[in-house]
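Trainee: Next up is a structure, given as structure tokens.
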Amino acid sequence: MVATALVLIVNALVHSRSSGPSHRLAELAYLDTVRPQVERSNDEGADLNDVRAQATKLGRDGIDRRLGRLERESKAAYDVVARTDPPTSLRASHSLLVATLFARSRGAALMHQALRVALTSEPSASVVQSLATVGDNLVTGDRDYRLFLETLPNSPGATQAAMPASVWVTDQAAWTAPVLGAFVTTLRSSATLAAVHDVAVVLVTTDPDTVAKDPDGTNVIPEARALTLQIVVANVGNEPERRLTLTAALAPKDGSGQPQSVRDFVDLDPGQRQTVQLGGLRLTNNEPLLLMVTISGVEGETDAANNSQTIPLIVKV
């Protein structure tokens, strides 16, 4: 019995001594895996602060492009760390690091959304509140990272020195309501970021197509019972436009009869072009007709002259 006990004690001592280096190697391997993601996160934090500082110079598209990229990259850094399996001794520390990168990823996504809303007509108070929430997320991420460093064990290599410092918020006052309110006001007053509403009818093609033009500019089309239109419309502003009404009306040129009309509804993002087909307009032979294609104006539109096209037509047999 004594011999057996001695064997067990010796085995335990040997195991504990051999497991020490193994644990340290596992800890170092874990830190080697997550360190690049923390360094990546530092670059992302610098980018977020730069976007805020340069917002009025970047313009609407620049802000959206950079924050979109930042949102994707911060989410990718979080995903890598969340999938990493830590050694048992670093599970609590790992949870804090995951929380850090989640808070930052969430903050980047909210920042992207908040600045999009900031450049609309939404009340500034709601935008300021959204940005304050961003600041709360970023401060939480910084706090969790400090706790992550503090919970690293004091074994060789697995100390605070093995990981870089990581701070996204260097001035918490910058994320308070008064400062954020001034930021939103400045942002909205910038000419490069002002909302521009402008939609246009770009091109109208008829089926049957024009085969000739009369001397007065009237388009001559061959005999047909009905007219079908291919209409290209565009959003040449920088705001999304929804439920725009596209109407095509056909009437006798002399105003003697009731016009026919067909319509459809269109959603257009900034810079988007879309082709819409409208049909069912009845034709009469040898009668001068006037075709008017119109896309509904939007509130605050800067140029309504391009919202319609008027085309004189005649069907010649």
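The values are calculated or read from the model by the stated rules, or taken from the named source; none is laboratory data. A quick note: this is a predicted structure, and the numbers were derived from the prediction, not measured. Every residue, glycine as well, gets a Cβ built from its backbone with ideal geometry; the counts of neighbours run over all protein chains shown.
Trainee: Let me confirm something: among 228, 186, 176, which residue is of a type outside the set (A, V, I, L, M, F, W, C) and surrounded by fewer than 13 Cβ atoms within 10 Å (Cβ to Cβ)?
Mentor: After applying the criteria, what remains is 186.
Trainee: Go through segment 164-190 residue by residue and tally those that are closer than 18 Å to residue 122 by Cα, free of Cβ contacts under 8 Å to residues at least 40 places away in the same chain and among the hydrophobic types (A, V, I, L, M, F, W, C).
Mentor: So the count comes out to 1.
Trainee: Something else about it: Considering only segment 70-81, state which residues are of a type in the set (A, V, I, L, M, F, W, C) and either closer than 23 Å to residue 175 by Cβ or in contact (Cβ under 8 Å) with a residue 60 or more places away in the chain (or both).
Mentor: 70, 77
Trainee: Go through 299, 241 for me and flag whichever is among the charged types (D, E, K, R), crowded, with 17+ Cβ neighbours inside 10 Å and closer than 30 Å to residue 122 by Cβ.
Mentor: Only one candidate qualifies: 241.
Trainee: Determine, yes or no, whether residue 199 is among the β-branched types (Val, Ile, Thr) and exposed (fewer than 12 other Cβ atoms within 10 Å of the Cβ).
Mentor: No.
Trainee: Restricting attention to segment 70-90, and to residues there that are assigned to a helix (DSSP H, G or I) and at pLDDT below 95, which single residue is surrounded by the fewest Cβ atoms within 10 Å (Cβ to Cβ)?
Mentor: Only one residue tops the list, namely 88.
Trainee: Sticking with this one: Quick one: in segment 24-69, which of the residues that are crowded, with 20+ Cβ neighbours inside 10 Å and of a type in the set (Ser, Thr, Tyr) is nearest to residue 170 (Cα to Cα)?
Mentor: The qualifying residue nearest to residue 170 (Cα to Cα) is 41.
Trainee: Related question: Can you pull out every residue in segment 140-178 that is outside any loop (DSSP other than H, G, I, E, B), of a type in the set (Ser, Thr, Tyr) and at pLDDT 90 or above?
Mentor: If the condition is that a residue be outside any loop (DSSP other than H, G, I, E, B), of a type in the set (Ser, Thr, Tyr) and at pLDDT 90 or above, then 140, 145 are the ones that fit.
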